[in-house]
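Beneath this line is the structure, given in structure tokens, with notes to follow.
The values are calculated or read from the model by the stated rules, or taken from the named source; none is laboratory data. Since we're looking at a predicted model, the values are computed, not measured. Cβ placement follows ideal geometry from the backbone for every residue including glycine, while neighbour counts extend to all protein chains displayed.
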Amino acid sequence: MPLQEALRLALQSIWSSKLRSFFTLLGIIVSVAFLVVVVALIQGMNGYVRENITGALIGTNAFQVRRTPISVGLMDDDEVRAINKRPLITVKDADVVRRAIPDARAVSLQSGWPTPVSEVSYRSRRVENVVVFGVTPPYQLVQDYRFQWGSPLADPDVSGRRNVVVLGFDVADRLFDDPASAVGRKVRVAGRELLVKGVIAKKGRVLGQSFDTFVLLPFTTFESMYGRRKTTVISVKMREATAIDEAMSRAEEAMRIAHRLRPGEPNDFTVDKATALVAFWRRLTQVLFTAIPAVVGIGIVVGGIVIMNIMLMAVNERVHEIGIRKAVGATRRDIRRQFLVESVVLASLGGSCGVMLGWGTAILVANISPLPAQVTLWSVVIALLLGASAGVLFGVYPAARAARLDPINALRAE
């Protein structure tokens, strides 16, 4: 039997039992759609973290000298205890790094974890859950902040421990009818009255979370209000991305000398760049990737078993047809090919429907939620191959059983 004829008979059989075919394929459709959607979300998040979050948290062309590494969440208890014994990053450390990298565009010191959240008020208006950072002036350059109104924090604000503040756009917008009028006014942060020096231009939202609901205080003013943080961070911004690795080596060497670490002794600090955050996120997503095959595999196996049962039922229903085909010259190979092709076509249709459903769901999620989704070609190919392979694996037995039928007994069947 030519392959073209086998395909025609397969499509004709499937079309004649549309509802049964749909419910037969439901397991494969759902499993394949789940695969496409989850992979699309993970790939979208990977790209989003790489292109947006790392720049927003660390800064472009920048790296950090930290007490704790970015990937602390994946460490065991002994490593966490060792990190907790590390000395705090200090102003002196920032000076050491600054001297070691004179070609850096900016070297800043900023408060770290635990980051305080406070109420900011102006007269009767209040904005709650505002993130408060204590920074040195170069931090504003590291983060590429653009000032919409007013001026940034300056060195005299830090050295004089001045009661001044810079507002994120959302904070100024919610406290004042006109954000431009915030400059020169006095607001209260955690009960302390502070003069507004400037308002930072809107940076937008990341995963539905506003990056404009924050205030910046001079580093010394912040410590007088909240005390020292456990994870003060030094940020270094280079002029070119190609200069980061060499600058990180110089910063590490200078910090080891400043901390009087002997050769072979491990660092009591961490030097991280944006790729560390991306790598940390990817290690987290690997957990999902290990669970996906199990979930999809269970769905494919269940769907394949259903296909096998339906094909066995089809063989029983079409015994007389098989007998007639054998009587007019069809060989075992022809009968086996006919039912195997029908099984593969049925499973492939399920895989195709699952891909379309998953693709549409991923687009819908990306449009109605802050979660990004990026459908990749390899996930679509794998989904289609899974569908076709299920048809082959679970269609062999029904096809072989149909091929083994005795033509005389088949012709007697009603």
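Find all pairs meeting these conditions: Cβ atoms under 6 angstrom apart; at least six residues apart or on different chains; first residue within segment 112-127 and under 28 Å from Leu88 (Cα atoms); second residue at pLDDT 90 or above and of a type in the set (S, T, N, Q).
Matching pairs, first to second residue: Val117/Asn129.
I'd like to check which helices (runs of 4 or more DSSP H) are fully inside segment 113-211 and have at least 1 residues that are modelled with pLDDT of 90 or more and either in contact with a His (Cβ under 7 Å, 6 or more places away or on another chain) or within 20 Å of Glu223 (Cβ to Cβ) (or both). Give the derivation first.
On the way: elements: 139-142, 155-159, 169-175.
It comes to 139-142, 155-159.
Taking the condition without any contact (Cβ under 8 Å) to a residue 60 or more places away in the chain, in contact with a Pro (Cβ under 7 Å, 6 or more places away or on another chain) and acidic (Asp, Glu), does Asp177 pass?
Here the answer is no, as Asp177 does not meet what is asked.
How many residues does segment 79-95 hold that are out of contact with any strand residue (DSSP E or B) (no Cβ under 8 Å at 6 or more places or on another chain) and closer than 23 Å to Glu240 by Cβ? Outline the logic, then answer.
Just the residues of segment 79-95 that are out of contact with any strand residue (DSSP E or B) (no Cβ under 8 Å at 6 or more places or on another chain), to begin with: 79-88, 90, 92, 95.
Then drop every residue that is not closer than 23 Å to Glu240 by Cβ, which leaves none.
Summing the residues that are out of contact with any strand residue (DSSP E or B) (no Cβ under 8 Å at 6 or more places or on another chain) and closer than 23 Å to Glu240 by Cβ in segment 79-95 gives 0.
Given (1) among the basic types (Lys, Arg); (2) under 28 Å from the mean Cα position of the chain (by Cα); (3) surrounded by 15 or more Cβ atoms within 10 Å (Cβ to Cβ), identify the lone condition not met by Arg162.
All conditions pass for Arg162, except number (2).
Let's see how each residue does on (1) in a helix (DSSP H, G or I); (2) among the acidic types (Asp, Glu):
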site: Asp78; (1), (2): yes, yes
site: Lys92; (1), (2): yes, no
site: Val97; (1), (2): yes, no
site: Pro102; (1), (2): no, no
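Do we find that Val127 is β-branched (Val, Ile, Thr) and farther than 22 Å from Thr231 by Cβ in this structure?
Taking the combined requirement at face value, the residue satisfies it.
Can you tell me which residue is surrounded by the fewest Cβ atoms within 10 Å (Cβ to Cβ) among those in segment 180-198 that are closer than 16 Å to Arg125 by Cα and of a type in the set (Gly, Ala, Ser)?
Gly191
Answer yes or no: is there a residue in segment 258-272 that is in a helix (DSSP H, G or I) and modelled with pLDDT of 70 or more.
Yes; the residues of segment 258-272 include at least one that is in a helix (DSSP H, G or I) and modelled with pLDDT of 70 or more.
So which residues in segment 218-270 are closer than 13 Å to Val97 by Cα, exposed (fewer than 14 other Cβ atoms within 10 Å of the Cβ) and either touching a Pro at 6+ places or on another chain (Cβ under 6 Å) or among the hydroxyl-bearing types (Ser, Thr, Tyr) (or both), if there are any at all?
Across segment 218-270, the qualifying residue is only Ser249.
Kindly indicate which of Thr213, Thr220, Thr232 is within 21 Å of Ile83 (Cα to Cα) and in the same structural domain as Tyr139 (by TED's automatic domain parsing).
Residue meeting the stated conditions: Thr232.
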